[in-house]
Amino acid sequence: MSAADELKIVFTGPMGAGKTTAITAVSDFAPVRTEVGNNDQESFAKASTTVALDLGQLGLDDGTIVRLYGTPGQDRFSFMWEILGRGAIGVILLLDGSSPDMCAHLRTYAEVFRRVAPEQPLLVGIGRTSPHDDRPLDACNAVLAEMGCSAPVLSVDVRRRDDVLLIVEILLAMLEARIAEVAHDVH
Amino acid sequence: MSTRRRFDATVVRLATERLQAFTQANTNVQLAVLTSGDGFEVASYPSGRPSTAKVAAMGSSMQALSEALSREAGLSHARNLIIEGDSGSVLVLGLSGTSPQVSLAVVAAGSELLGRLLWASRNLCKELEAELTKTP
Ligand SMILES: Nc1nc2c(ncn2[C@@H]2O[C@H](COP(=O)(O)OP(=O)(O)OP(=O)(O)O)[C@@H](O)[C@H]2O)c(=O)[nH]1
Ligand SMILES: [Mg+2]
């Protein structure tokens with residue numbers, strides 16, 4: 001990747017999966033946030049929710065600037081998924097491994113982003129998993145296989161900077177691999 | 001819409017009455033929606049339009065974005081957002097001091113003079129603020 005590149009990646013996923021937390025954990029500055037009071041405690045019990053976007057930034061050692069966009073989670077804000085997905089070089093889909101709706105959420109978001117960003121790498125990060133319990137990861141892999149969608153599935157604690165950095169780095173590595181593949185095909 | 005049950009029935013009724021009076025007094029107004037900060041319709045007039053839920057969600061996103069942009073630009077507080085289209089305009093105005101936080105989205109057609117529309121919409125916001133902050 002050439003120095004001084006600017007890349008855009010998108011964090012998406014359902015309400016409470018940890019998009020805002022993840023971006024806050026790795027951003028070089030306090031992210032731009034659009035949090036407001038949450039009036040839908042039944043869907044996810046927490047004080048606030050993102051209604052437009054999160055915007056953070058991560059500078060890499062080679063000078064590359066990675067812009068980190070977070071979407072709102074609820075489908076009434078799906079118009080923002082489309083807007084934010086445009087121009088993204090990769091998508092990180094965060095899921096709540098303790099939610100009974102995890103697989104349904106995976107299907108919904110993977111479908112939307114496969115349409116909005118069809119050529120871009122997708123990575124699935126599952127939070128709230130217990131160590132040594134691979135069932136949420138297996139379930140997600142099964143859904144992706146059924147959808148004919150290839151994406152790595154990793155367990156991630158969005159509150160930990162190192163975890164989030166790792167998934168961002170994996171996504172960038174996937175992008176480089178794709179670029180190399182395309183270059184190889186051309187020659 | 002079922003989301004209305006989130007909000008106090010009296011508040012919804014009073015707000016709907018204000019929105020109705022406003023829409024009738026400003027004949028180019030096609031839709032007025034009071035929306036919670038997190039994008040739920042609190043009240044609207046005319047009610048039951050297919051686009052209302054979307055206008056409510058988009059209005060709250062735009063309001064939050066205007067506030068975020070105002071903060072970045074060092075303006076202390078975003079008052080209104082004005083979108084001028086070829087065939088009409090959309091205003092989004094934040095109300096102060098209400099709980100839950102709400103904003104008003106107004107969709108007006110054609111030649112409604114923007115200044116007049118803004119003035120009338122601000123007055124409506126003041127009325128709604130007074131209504132919504134009244135102790136029950
Ligand atoms: N206990 C626990 N909390 C977690 C874990 N992962 C994330 N959280 C918490 O879950 C919450 C996630 O909230 P947000 O970051 O606002 O989630 P979001 O995806 O941005 O949600 P919306 O903007 O509402 O769609 C935060 O309070 C995190 O600290 C976990 O593994 N364990
Ligand atoms: Mg968020």
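The values are calculated or read from the model by the stated rules, or taken from the named source; none is laboratory data. Since this is a predicted model, take the numbers as computed values, not measurements. Virtual Cβ from ideal backbone geometry, glycine too; neighbours counted across all protein chains shown. Just so you know, the surface numbers come from the protein's heavy atoms only, side chains and all, with ligands and any DNA or RNA stripped out. Shrake-Rupley method; radii C 1.70, N 1.55, O 1.52, S 1.80 Å.
Below is a table of values for the structure above.
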| quantity | calculated |
| --- | --- |
| Sorted peptide list for B:31-39, B:122-130, criterion being average Cβ within 10 angstrom, highest first | B:31-39, B:122-130 |
| Compactness of region B:1-55 as Cα Rg over 2.2 N^0.38 Å, two decimals | 1.06 |
| Sparse-neighbour loop sites [trypsin sites (Lys or Arg not before Pro); region A:1-53; at most 15 other C-beta within 10 Å; DSSP] | A:Lys46 |
| Taking only Cα atoms of chain A, radius of gyration then Dmax in Å | 15.9, 55 |
| Region B:115-123 - phi-based ³J(HN,Hα) in whole Hz, Karplus 6.51/-1.76/1.60, Gly and Pro as x | x, 5, 4, 5, 4, 5, 5, 5, 4 |
| Apportionment of accessible area to carbon and sulfur, chain A, percent (1.4 Å) | 52 percent |
| Carbon/sulfur fraction of accessible area - chain B, other protein chains in place, 1.4 Å, % | 54 percent |
| Where region A:6-186 is the region considered: accessible area per residue in Å², 1.4 Å probe | 45 Å² |
| Chain A: most fluctuating residue of A:Ile170, A:Ile23, A:Ile92 per GNM, C-alpha cutoff 10 Å | A:Ile170 |
| Label-point separation, B:Glu129 to B:Ala73 (7 Å along Cα→Cβ), nm | 2.0 nm |
| Inter-label distance, nm, simple model (7 Å from Cα along the C-beta direction), A:Leu166/B:Ala21 | 6.1 nm |
| Debye, to nearest 20: dipole size of region B:36-87, +1 on Lys, Arg Cβ, -1 on Asp, Glu Cβ | 100 debye |
| Residues in region A:137-171 that a label on A:Ala180 would reach, taking backbone N under 15 Å of a point 7 Å out along Cα→Cβ | A:170-171 |
| Average other protein chain Cβ within 10 Å of Cβ, residues B:31-37 | 2 |
| FRET efficiency for A:Glu146 and B:Ser51, using Cβ-Cβ distance with R0 set to 30 Å, rounded to 0.05 | 0.30 |
| Cα centroid separation, region A:150-187 to region A:46-90 (Å) | 17 Å |
| Helical segments meeting 20 Å axial Cα length and Kyte-Doolittle 0.5 threshold in chain A (DSSP H) | A:161-186 |
| Debye-sum result for the protein assembly as shown in log10 I(q)/I(0), which assumes one identical scatterer on each alpha carbon, at q = 0.06, 0.13, 0.14 Å⁻¹ | -0.25, -0.97, -1.07 |
| Buried solvent-accessible surface, both chains (A, B), 1.4 Å probe, Å² to nearest 100 | 1300 Å² |
| GNM top mover of A:Glu146, A:Glu111, A:Glu42 - chain A, alpha-carbon springs below 10 Å | A:Glu42 |
| Number of partner chain Cβ atoms within 10 Å, mean per residue of B:40-47 | 1 |
| Residue-level accessible surface for A:Arg161, protein heavy atoms, 1.4 Å, Å² | 100 Å² |
| Residues A:Glu6 and A:His132, FRET efficiency given R0 of 30 Å [Cβ-Cβ distance, rounded to 0.05] | 0.15 |
| Within a Gaussian network of chain B (alpha carbon springs, distance under 10 Å), most fluctuating of B:Glu41, B:Glu72, B:Glu17 | B:Glu72 |
